[in-house]
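The values are calculated or read from the model by the stated rules, or taken from the named source; none is laboratory data. Just so you know, these numbers come straight off a predicted model, no measurement behind them. A quick note on method: Cβ atoms are made from the backbone with ideal geometry, for glycine too, and the neighbour counts reach across all protein chains shown.
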Amino acid sequence: RADYRDGLCSIGSSINLARLQSGNSLLFENLAVKGEVECRSSGTQKASLSGRSSAVNVGRKKTGAAIFSALYLPSHLDCTLDVVLPNPAQNLSTKFSTTRDGSAYNLLFNQLLIKDGAEVWKAGENSRIMLGKTAARFNRFTIAKGIQQAVLDGELSNSQPASFQCTLSNMELDELKRFSLSPSFDKLSGTVNASLAVSGSPDLKKTTLNVSGTGIRYDKFMIGTFQCNALHNDNILRFEMHSSVPPQVKSTDRSVPGMNTIEGSGTVPLALNFYPLQVRMADQQPIKVALHSDNLSAQSLTYLLPFFESAEGIIPTTLKIEGRTPKPDIYLTTVLRDTKIKVEPTQVSYVLNGEVSVTPNALELRNISIRDNHKGHGNISGVVTLEKLQPMGLDLGGRMDNLLVFDKKDREDETSFGSITCSTSNIQLHGTLSSPQAEGELRINAADYSLYRTGSNENAKYVGINKFIEFVPRYPAVGLHGIERDVPSKSAEFYHSVLDILQIKNLKVTSVEPLKYTIIFDRLRGEKLETSINNLALNVNKNNQQYRLFGSVNITGGKYKFSNTNFDLQDGGRINWNNVDIRSGVMENLYGNKFVSTTNLQTSERDNVKLLIAITGSINDPLVTMGYYLNEQSQPYASTNLIGGKSSQIDPNAELNVISMLLSKQWYARPGSSALASNIAVSSVGMSAGSGLLSSQFSKIVQDFAGIESFTVNVGMDKRGALSGLDLYLAVSVPGTDGKVRFIGSGSAPTLRDSPLSNYYGTEQKIEYRVTPKIYLESYRSYGLNANGTSSNNLQAPSEIWGASISYRERFQTWEQFWKRLFPSSDKKNK
């Protein structure tokens, strides 16, 4: 809108923007602004601006909703601002006016407050600040919250004589993050009192700083009491400092990692201007700084070395900086005395002894001895080269004897777990710090190591209508719709550990000792291979994130497990790696067997049967085939002419024979039997469709059919451990609906070995429509014969039930998470 009348020009406009960015330091999101301006030939007579934004990014800080307005009249500006500040949650509200006085601006704060719950940071009413080009004047500007108070009084100037004082009283350090745009204060806590005084003429400015603190802590690192006195004049900063943990903390809170005593002093060449603020280290000037602690907490190592999960003990430390800027000599010496550490990537705890010496050019490890909790030991020596105090290269050597190098519990997240103990007389770590390279030999003395197949934890469960439990397929397709698609994703963060950047060249790993090695194919279904191995011989290489293993290991025994069924492994199997990843190792000549005695109810004939499985393929893509030996026959029966590498007799129903035998201890169709016998056997089995042992095979096959998401068959066990029934599950995504419509079916039936007249069976079908990723509309049908505690027989009429419902689904990993989501108040009470 624009209007011109009698020499007055009026312009009004409104703007709506999704994003408005100024450089890299200021960003408005969902900005709505309305502005008006009136002007004459003599200049602007009036201007107003009002608006709101859903969020404002200032540097690394992000606010919530903001509302602002401004009114300009000649030489005068009125402003208001209300903004929500998260982390910690608070509301900032201010009203101020600015009046121009020559080249300076006078600010009058009618209101300035930061509200946090019931408590408020509040500036004194009608507080004034004068800002000019060469000076800033404060008239006892005070902001306070309870007994916490900050007072600024006087004038700051670099071009004229002036005096200034700033006083902090009972200031809680964790409150500073409310006023700072830097995240450096986020982990600080404690209480400080401080005073800063500046006085003198421009060429003879004198600054004194006194800081005292109690209960000072950085994250979990206790500093305790702190005292620092500093004097700055003639471009030289002189300081003395002392810190210690009070005795009451050491005696009553032993779990608190602490820094006991630090003494320090020094002189630093420092050019300092307060308005505008400039701090600069003077060049080619002498510098001398000394810090010493006889009982520095080893907890400090976890900040210097992030791959240390924890550290306990004391490490006497001395730091000296001497010489001339900008390249003084720096010397740091640390002594490790029974220092206990825990390495995060391997979860192993060690006790360290030795000395670390740091100079401007290198960090030297002087015969650092390592000891685990099982009498294993070793040592490390070498040098880490430094450039501008930044680690650049390394040349380290180590020896170990029965040292525990891996000790992780099962986190159920597809990372390996178990324990490994090694020995070596020669292992080297050298190269650049960004890409270190390991070489040498490792001899494994003992191991109980478990490896997850990729995708073995993809199974997801949720509780919904009709007691449905969903099993994600063993070979999940990419892009399946989940039940938590609307969960906000966390901002992406990149981090790496030592294992990520480590390069490995021809590392020889050997063992002649019997070791335990477990491969978990599917955690939820309990499908895994527990093996005893020996004669391990591997050559390991790693480039970037790609491992390449060459070698093999012999399998001398163990078990193949699926659900509640175990097969004993035969001696003679192998796993071979041919320059591939560890999960691409190929299993060869791996057979398992299980003995069962079965009876034909029609003829009362008893057969001794040895079930046989052959496990082939790779660890990531295993293939399990089945067959059986009947009585004393020399060749197994199978549905093909080979089972693994063994020749077999053809029995098209061999796999169904195995299923039937597992379910009812009788034959489904013994080789050579009549069709009549087969038909009778079908009715006594209850349902003839598959077994949990075949589930993995079926699941893989049905993935090739359009729309089928999962297909699961499993067997049930009674209280005595005997096989008692069959369960099936099928989920189909209806084509053309983008995954919003799904059909789910399930069925179950027991065996009839106890009574051929009493039985129950049932099938359920459900069609669900996904309204949102968590809300579903469902219609279902249940059909079957149900057992009851009084009587049941298969002559009763089956029942049929129809229904409809709405469900809300959300995944939870533990029952504690489940209850907290149901009753959020219980979580708050615990806090």
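Overview of results
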{"read-out": "Members of the stretch 90-122 that are in contact (Cβ under 8 Å) with a residue 60 or more places away in the chain and under 27 Å from TYR72 (Cβ atoms)", "value": "ILE114"}
{"read-out": "Condition met for TYR517 (buried (at least 19 other Cβ atoms within 10 Å of the Cβ) and either at pLDDT below 90 or of a type outside the set (A, V, I, L, M, F, W, C) (or both))", "value": "yes"}
{"read-out": "Residues of the stretch 117-140 classified as of a type in the set (Phe, Trp, Tyr) and within 45 Å of the chain's Cα centre (by Cα), total", "value": "1"}
{"read-out": "Criterion violated by LEU365 - all others in (1) modelled with pLDDT of 90 or more; (2) surrounded by 15 or more Cβ atoms within 10 Å (Cβ to Cβ) satisfied", "value": "(1)"}
{"read-out": "Checking VAL351 against (1) part of a strand (DSSP E or B); (2) touching a residue at least 40 places away in the same chain (Cβ under 8 Å); (3) within 30 Å of LYS375 (Cβ to Cβ), the condition it does not meet", "value": "(2)"}
{"read-out": "Selected residue (only one of THR346, THR302 is touching a strand residue (DSSP E or B) at 6+ places or on another chain (Cβ under 7 Å), buried (at least 16 other Cβ atoms within 10 Å of the Cβ), free of Cβ contacts under 8 Å to residues at least 12 places away in the same chain and not in a strand (DSSP E or B))", "value": "THR302"}
{"read-out": "Selected residue (only one of ILE321, ILE330, ILE315 is of a type outside the set (Ser, Thr, Tyr) and in contact with a Leu (Cβ under 6 Å, 6 or more places away or on another chain))", "value": "ILE315"}
{"read-out": "Cβ-Cβ under 6 Å pairs, at least 6 apart or on other chains, the stretch 70-86 side modelled with pLDDT under 95, far side not in a strand (DSSP E or B)", "value": "VAL83/THR63; VAL84/GLY64; VAL84/ALA65; LEU85/THR63; PRO86/GLY64"}
{"read-out": "Hey, GLY382 under 26 Å from ILE420 (Cβ atoms) and outside the structural domain of ASP407 (by TED's automatic domain parsing) or not", "value": "no"}
{"read-out": "Failed criterion for ARG411 (all others in (1) outside the structural domain of SER511 (by TED's automatic domain parsing); (2) in a loop (DSSP other than H, G, I, E, B) hold)", "value": "(1)"}
{"read-out": "Among (1) of a type in the set (Gly, Ala, Ser); (2) modelled with pLDDT under 90; (3) surrounded by 16 or more Cβ atoms within 10 Å (Cβ to Cβ) - the single one GLY354 does not satisfy", "value": "(2)"}
{"read-out": "Pick from the stretch 201-236, criterion among the basic types (Lys, Arg) and not in a loop (DSSP other than H, G, I, E, B), ranking: farthest from the chain's Cα centre (by Cα)", "value": "LYS206"}
{"read-out": "Residue list for the stretch 613-639, filter: surrounded by fewer than 21 Cβ atoms within 10 Å (Cβ to Cβ), at pLDDT 80 or above and not in a strand (DSSP E or B)", "value": "ASN620, ASP621, GLN633, SER634, GLN635"}
{"read-out": "Test for SER69: is it within 49 Å of the chain's Cα centre (by Cα) and hydroxyl-bearing (Ser, Thr, Tyr)", "value": "yes"}
{"read-out": "Qualifying residue in the stretch 422-437 (condition: outside any strand (DSSP E or B) and within 28 Å of the chain's Cα centre (by Cα))", "value": "yes"}
